[in-house]
Amino acid sequence: MAKANSIDLSKLSIEDMEILAKEIETEIVTRREAEKERVLQQMRELAASIGATPETLFGKGGKAAKEVAVKYRHPDDPSLTWTGRGKRPLWLAEALAAGKTLDDLAVE
């Protein structure tokens with residue numbers, strides 16, 4: 001693990017630390033999604049080399065996995081989406097806390 005740059009947290013206000021924590025969480029989520037996409041692209045390329053798709057290789061019972069439609073999208077970053085299944089993502093929780101509604105974030 002790389003050594004992190006030293007940040008003297010004792011000099012930050014609680015508000016500044018909360019902002020920093022949100023920025024860190026957003027960056028972590030963004031990087032994880034980018035890494036997942038990179039790995040999925042590699043899987044697509046490998047599967048294509050044998051005339052298949054990752055879905056046909058890893059789907060249940062040999063059938064393609066059923067794709068769930070995106071129901072909600074971040075208003076400023078269209079790469080951030082949610083299908084409405086599972087735990088609400090951080091960006092959605094933050095938008096709701098800021099006064100947005102699910103209808104505001106719904107995909108048309």
>> Only sites in a loop by DSSP and with at most 14 other Cβ atoms within 10 Å count here; which GluC sites (Glu not before Pro) in the range 16-88 make the cut?
In response: E67
> Residue by residue through the range 29-44, which ³J(HN,Hα) values in whole Hz follow from phi under the Karplus form 6.51 cos²θ - 1.76 cosθ + 1.60 (θ = phi - 60°), with glycine and proline marked x?
Replying inline: 4, 4, 5, 4, 5, 5, 5, 4, 5, 4, 5, 4, 4, 4, 5, 4
> Once you put a point 7 Å from the Cα of V70 and another 7 Å from the Cα of V107, both along the Cβ direction, what distance in nm separates them?
Replying inline: 0.5 nm
> How far, in nm, would the chain grow between R88 and A34 when pulled straight, counting 0.36 nm per residue and subtracting the alpha carbon separation?
Replying inline: 17.6 nm
> How many nm separate the modelled label positions at S79 and E45, each set 7 Å beyond the Cα in the direction of the Cβ?
Replying inline: 1.8 nm
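Just to be sure I understand: if I project the alpha-carbon convex hull of the chain onto a plane and average over all orientations, what area do I get in nm²?
Numbers: hull surface 42.1 nm².
Approximately 10.5 nm², given one-decimal rounding.
Any read-out appearing in this document is the output of simple, stated calculations on the displayed coordinates, not a laboratory observation. Only a predicted model underlies this, so the values are computations on that prediction, with no experimental measurement involved. Quick reminder, even Gly has a Cβ in these numbers, built from the backbone with ideal geometry, and neighbours come from all protein chains shown.
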